[in-house]
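J.: Dumping the structure here so I can ask a few things about it.
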Amino acid sequence: MAAGRPAYQQVILADGPYAYWRLNETSGTVAADSSGNGRDGSYVGGFSLASAALVPSTDEEYAALDGSTGYVNITPAANFCAGTDWTIEMWVNFAAMGAKGASLLCFFALTGFSFYASGNGIDYQPKSGYAASAWAGLPLAVGTPKHIVLSARGANYAGTLYFNAAAHTGSSVYAPGISTLLGIGLPSSYMNYMNGCVGEVALYDHALSAQQVRNHWLAGA
C-alpha cells in the first residue's frame, strides 16, 4: 500500500455499510462483520481460509469456496434490501465457472433473489414472477480479480452494475424477496456454488453513488 494511502477497509467503512465481511480470517468458522453492526456470518461446507491474494492494493489473503458445498452464511444481514435502495459489493476471482455459472450472492428460495455470474456476463434474478436483469459481454475469465457492485434505487429501478468501476445499466432491478437463508456463493436453480476466492463483501441499505464506487475501486486497485 502506498504511503499515505488509506486502507481499503477505511474507505468502505466511511460509506456506512449495513454489514461488511472481509473474509480474511485465518482460523475458525466465523466470518466477522467489520461494520460494527454485529452481523457476523459463518463459513459452511468446503472452504479454505487465507487461501490467496485478491485485492491488488493489499497483502491480505482471502477465503476460497470449493464450488461444491462451500458458501458463507450471512443471514444476519438479510434485511439489507428491505427498503427500495440497496447495494451489493465484493471482490471475486473465479477458479472455475460451472455450466450454470457461479453464485455471487443468493437468498435460498425462488421467493428471494440470485445474483450470479455466467459465461456471458452477470445476472440478477429477482423474486419469482419477475424478469431477470442481465449485463452481457463482461470479461469474466477465470484467474483475474474483479470488483463487482450492484446498486439499485427504487422497487423498479434500472439498476447499475459496476464492473471494476465501469458502469453498466441493465434492465429493471425489481425488489428482492427476503427469505430464511442468505449466502455468499450459495447456489439456486439458476446457478452453481461459487468456485474461487472472495473477499471484502459489503452490503448497504442505500445506493452507492458512481463516485463512491470509483473511490472503492481505486482504494483496492
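J.: For residues in region 114-153 being free of Cβ contacts under 8 Å to residues at least 40 places away in the same chain and among the aromatic types (Phe, Trp, Tyr), which is surrounded by the fewest Cβ atoms within 10 Å (Cβ to Cβ)?
T.: 135
J.: Would you call residue 59 acidic (Asp, Glu), more than 13 Å from the chain's Cα centre (by Cα) and over 13 Å from residue 184 (Cβ atoms)?
T.: Yes, satisfied.
J.: What do you reckon, is residue 60 touching a strand residue (DSSP E or B) at 6+ places or on another chain (Cβ under 8 Å), open to solvent by less than 50 Å² (accessible area, probe 1.4 Å), closer than 11 Å to residue 199 by Cα and of a type in the set (Asp, Glu)?
T.: In short, no.
J.: Let me ask something else about it. Quickly run through region 85-141 and pick out the residues that are assigned to a strand (DSSP E or B), at pLDDT 90 or above and more than 22 Å from residue 208 (Cβ to Cβ).
T.: Once the filter is applied, which keeps residues that are assigned to a strand (DSSP E or B), at pLDDT 90 or above and more than 22 Å from residue 208 (Cβ to Cβ), region 85-141 yields 94, 102.
J.: Here is a follow-up. So which residues in region 37-51 are touching a residue at least 40 places away in the same chain (Cβ under 8 Å) and under 11 Å from residue 24 (Cβ atoms), if there are any at all?
T.: Within region 37-51, 51 is the sole residue that qualifies.
J.: Can residue 111 be described as more than 25 Å from residue 53 (Cα to Cα), open to solvent by 30 Å² or more (accessible area, probe 1.4 Å) and touching a Leu at 6+ places or on another chain (Cβ under 7 Å)?
T.: When the stated conditions are applied, residue 111 does not pass them.
J.: Please name all residue pairs, on different chains or six or more residues apart, with Cβ atoms under 7 Å, provided the first residue is in region 157-183 and is part of a strand (DSSP E or B) and the second residue is open to solvent by 20 Å² or more (accessible area, probe 1.4 Å) and of a type in the set (Phe, Trp, Tyr).
T.: 172/157; 173/157; 174/130; 183/71; 183/108
J.: How many residues, within region 184-210, are in a strand (DSSP E or B), at pLDDT 95 or above and not hydrophobic (A, V, I, L, M, F, W, C)?
T.: Within region 184-210, residues that are in a strand (DSSP E or B), at pLDDT 95 or above and not hydrophobic (A, V, I, L, M, F, W, C) number 5.
J.: Which of the residues belonging to region 79-94 are open to solvent by 10 Å² or more (accessible area, probe 1.4 Å) and either of a type in the set (Asp, Glu) or over 14 Å from residue 199 (Cβ atoms) (or both)?
T.: If the condition is that a residue be open to solvent by 10 Å² or more (accessible area, probe 1.4 Å) and either of a type in the set (Asp, Glu) or over 14 Å from residue 199 (Cβ atoms) (or both), then 79, 82, 83, 84, 85 are the ones that fit.
J.: Do the conditions hold for residue 7, that is, is it hydrophobic (A, V, I, L, M, F, W, C), under 21 Å from residue 165 (Cβ atoms) and open to solvent by 60 Å² or more (accessible area, probe 1.4 Å)? Talk me through it step by step, then tell me what you get.
T.: Working: hydrophobic (A, V, I, L, M, F, W, C): yes; under 21 Å from residue 165 (Cβ atoms): yes; open to solvent by 60 Å² or more (accessible area, probe 1.4 Å): no.
It is false that residue 7 is hydrophobic (A, V, I, L, M, F, W, C), under 21 Å from residue 165 (Cβ atoms) and open to solvent by 60 Å² or more (accessible area, probe 1.4 Å).
J.: Right, something else. Assess whether residue 29 counts as being over 15 Å from residue 202 (Cα atoms) and at pLDDT 95 or above.
T.: In short, yes.
J.: With the condition kept exactly as written, say whether any residue in region 176-188 is surrounded by fewer than 24 Cβ atoms within 10 Å (Cβ to Cβ) and over 26 Å from residue 36 (Cα atoms).
T.: yes
The values are calculated or read from the model by the stated rules, or taken from the named source; none is laboratory data. Every value quoted in this text rests on a predicted model; they were computed, and no experiment measured them. So basically every Cβ, Gly included, is an ideal-geometry build from the backbone, and we count neighbours across all protein chains shown. For the accessible areas, the whole protein counts, side chains as well, though only heavy atoms, and no ligand, DNA or RNA atoms are used. Shrake-Rupley method; radii C 1.70, N 1.55, O 1.52, S 1.80 Å.
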